[in-house]
């Protein structure tokens, strides 16, 4: 990973803002449907036998194998909030690559961008 954050027009926060605009569009046109989708997603992520941290690690691995750059960023941000370490994220990435092969490996660029945004300060130091 680079020592400095790589920021630009495609920063992770801007990417997630773009995803949220799409969700807002559906919410405006189908509010009842989106309410049910959001309620289902919130319920699925509630701690149960698996805690929030475990669920976020699983969600990140699945986002990688689905090759969804929006989901990768979203779940890395949520991993940070849940207390997942960078080392744990790298293990999840290894499993994702094992399950998804080369296409998942190329999405490590998305992982790096999200880590730079949510795990490192401007000098590349952990936050």
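What follows draws every value from the coordinates through simple rules; no lab data is involved. Treat the numbers as computed from the prediction; the structure is a model and nothing was measured. Here the Cβ positions follow ideal geometry from the backbone for every residue, glycine too, while neighbour counts run over all protein chains shown.
Here is the figure for segment 64-85: residues that are exposed (fewer than 15 other Cβ atoms within 10 Å of the Cβ) and within 19 Å of residue 13 (Cα to Cα) total 1. In segment 87-107, the residues that are loosely packed, with under 15 Cβ neighbours inside 10 Å reach residues that are outside any helix (DSSP H, G or I) with C-beta atoms within less than 9 angstrom, at least six apart or across chains, in these pairs: 103/67; 106/67. Scanning segment 49-63 for residues that are surrounded by 11 or more Cβ atoms within 10 Å (Cβ to Cβ) and in a loop (DSSP other than H, G, I, E, B) returns 50, 51.
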